[in-house]
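Notes to accompany the following structure.
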Amino acid sequence: MSKILVTGGCGYIGAHTVVELLQAGYEVISIDDNSRSNAWMMDRVAIITGKKVVNHAINLCDMEALGAFFEQEKNISGVIHFAAYKSVGESAKEPLLYFENNLLGQINLLKCVQKHEIAHFVFSSSCTVYGNPEQLPVTEETPLQEAESPYGRTKVVGEAFLRDFVKVASTKVIALRYFNPVGAHPSNEIGEYILGVPSYLLPYMTQTAIGKREKLTVFGQDYPTRDGTCIRDYIHVCDIAAAHVNAIQYLEGGKSKASFEVFNLGSGIGQSVLEMIESFERVNDLKLNWQFGDRRAGDVVAVYANNSKAIEALGWQLRFNLDDMMRTAWAWEQRVAQEGL
Ligand code: WQD
């Protein structure tokens, strides 16, 4: 079986993807400097899979260390690149930090990929590239919009870099545009590690339910949607993770229609914030303390995916529904509280 390098393997989507890769029989190595993740994620991955993945604590901006790693590590057939900062709010305050970490890190990685003629590359992109779309659901052909944040810009620009890169490199590239990944592994060994106060909806909900936060504020109640709150496409992190295995298999099977292709990874279903609260309360049999507040700057009204390209071309199968997302997210929050993670 081929050897896959995962950058950001100790992160949220990264660790779930490492599990899926191992379970599909791949050999996996990871690069993660653990600046915003935990090295123990790999121990948890080993509990789930029975396999211990070696993580190399290298910052992708350190070209010397990265270059030395690639000189030593032979026979990498594909790279899945997750390692990046992802806080929208922080990126607005520190754009250069985001440009350096996300874009310089990507450039350094691509230099190594080109030098060592690595055949396959999968990039973590985001639905944020669609901005406030005029038509729903969004397909991969929906026009991209001006980025709402420096974080979003690193995804738009990251994709653009890859479009140019494939013209000169022998590498075949896929960019996967994630919608809103939520939930945790059903084993409850791994989940999202939240640094500070969460900005994302579901972590804020679970932290409120456990008592870490006093109250959830629903940002805005007068949007032009069915109940006045914003609509998003929430998707289980294990489904997102499995799509990376499908993407690697697609590349390895020589099925690429072009050197650079993009795929939406969403459930295809739009949920409002109020529907998310209702579903969380129902599935977990609890009451959430919440109130309406002002709109949040930069929020798009509604976005959800047309996911048929990934389903048809990659053979991607969705295994988890909204109830599973709510159940596993809450189970993980309780585990975090029990163990003081
Ligand atoms: C979801 C909904 C909020 C928190 C982020 C990134 C984006 C992309 C996807 C990575 C919105 C509402 C939230 C709260 C709330 N990420 N909300 N109270 O806005 O879709 O976008 O994830 O690429 O770049 O910005 O996700 O979870 O922050 O918000 O009412 O305390 O929940 O207004 O409608 P979002 P989110």
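So here's what we get for this one:
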{"item": "Degrees between helix 105-115 axis and first principal axis of the chain (Cα, 0 to 90, nearest 10)", "result": "30"}
{"item": "Degrees between helix 273-284 axis and first principal axis of the chain (Cα, 0 to 90, nearest 10)", "result": "90"}
{"item": "Fraction in percent of alpha-carbon pairs per bin - 5 Å, the stretch 156-229", "result": "3, 11, 13, 14, 13, 12, 13, 11, 6, 4, 1"}
{"item": "Equivalent ellipsoid, the stretch 1-50 (semi-axes from 5 times Cα gyration tensor eigenvalues, Å)", "result": "17, 12, 8"}
{"item": "In sequence order, calculated HN-Hα J values of the stretch 68-83 (Karplus, 6.51, -1.76, 1.60; Hz; x Gly/Pro)", "result": "5, 4, 5, 5, 7, 8, 8, 6, 6, 9, x, 10, 10, 9, 9, 4"}
{"item": "About the Cα centre, charge dipole magnitude for the stretch 48-127 (Lys/Arg +1, Asp/Glu -1 at Cβ), debye", "result": "300"}
{"item": "The stretch 203-245: radius of gyration and largest Cα-Cα distance (Dmax), Å", "result": "14.7, 40"}
{"item": "Max mean-square fluctuation residue, GNM over the chain, Cα-Cα springs under 10 Å, options R282, R232, R36", "result": "R282"}
{"item": "Fraction of beta bridges assigned by DSSP in the chain that are antiparallel (%, nearest 5)", "result": "5"}
{"item": "P(r) of the stretch 185-341 over all Cα-Cα pairs, binned every 5 Å from zero, in whole percent", "result": "2, 8, 16, 18, 18, 15, 11, 7, 4, 2, 0"}
{"item": "Two-site FRET efficiency, D294 against I107, from Cβ-Cβ distance with R₀ of 51 Å, rounded to 0.05", "result": "0.85"}
{"item": "Cα coordinate range in the stretch 57-166, projected on the principal axes (Å, largest first)", "result": "48, 31, 20"}
{"item": "Dipole magnitude (debye, nearest 20) for the chain, charges at Cβ of Lys, Arg, Asp, Glu", "result": "320"}
{"item": "K287 versus D227: modelled label distance in nm, points set 7 Å from Cα along the beta carbon direction", "result": "1.7"}
{"item": "20 Å reach of a label modelled at E94, 7 Å along Cα-to-Cβ, counting backbone N of the stretch 23-41", "result": "32-39"}
{"item": "Value at 222 nm in deg cm²/dmol, rounded to 500, when DSSP H runs of n ≥ 4 in the chain each add -39,500 (n - 2.57)", "result": "-12000 deg cm²/dmol"}
{"item": "Using distinct alpha-carbon pairs, which all enter the 1/r mean, Kirkwood radius of the chain in Å", "result": "20.3"}
{"item": "Volume of the Cα convex hull of the stretch 28-100, divided per residue and given in Å³", "result": "110"}
{"item": "Cβ-placed point charges (K, R +1; D, E -1), dipole of the stretch 228-341 about Cα centre in debye, nearest 20", "result": "220"}
{"item": "C-alpha long axis of helix 201-210 to longest principal axis of the chain, angle in °", "result": "60"}
{"item": "Gaussian network model of the chain, springs between alpha carbon atoms under 10 Å - residue of E189, E278, E140 with greatest fluctuation", "result": "E278"}
{"item": "Length-normalised contact order for the chain - Cα pairs under 8 Å, 6+ apart - percent", "result": "19"}
{"item": "Most positive-pole-ward Cα, V197, W290, A84, against dipole of the chain from beta carbon charges", "result": "A84"}
{"item": "Under 11 Å, Cβ to Cβ, from N321 - net charge with Lys/Arg +1 and Asp/Glu -1", "result": "-1"}
{"item": "Candidate lysines for bridging to K215, where Cα separation is under 20 Å - those fewer than 8 sequence places away on the same chain excluded", "result": "K287"}
{"item": "Additional length obtainable on full extension of the chain from T217 to Q249, 0.36 nm per residue less Cα span", "result": "7.3 nm"}
{"item": "Reduced Cα scattering model of the stretch 258-341, Debye log10 I(q)/I(0), q = 0.26, 0.27 Å⁻¹", "result": "-1.24, -1.26"}
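The numbers here are math on the coordinates, done by the rules we state, and not lab data. Just so we're clear, the structure is a prediction, and the values are computed from it rather than from any experiment. Backbone-built Cβ (ideal geometry, glycine too); neighbour counts: all protein chains shown.
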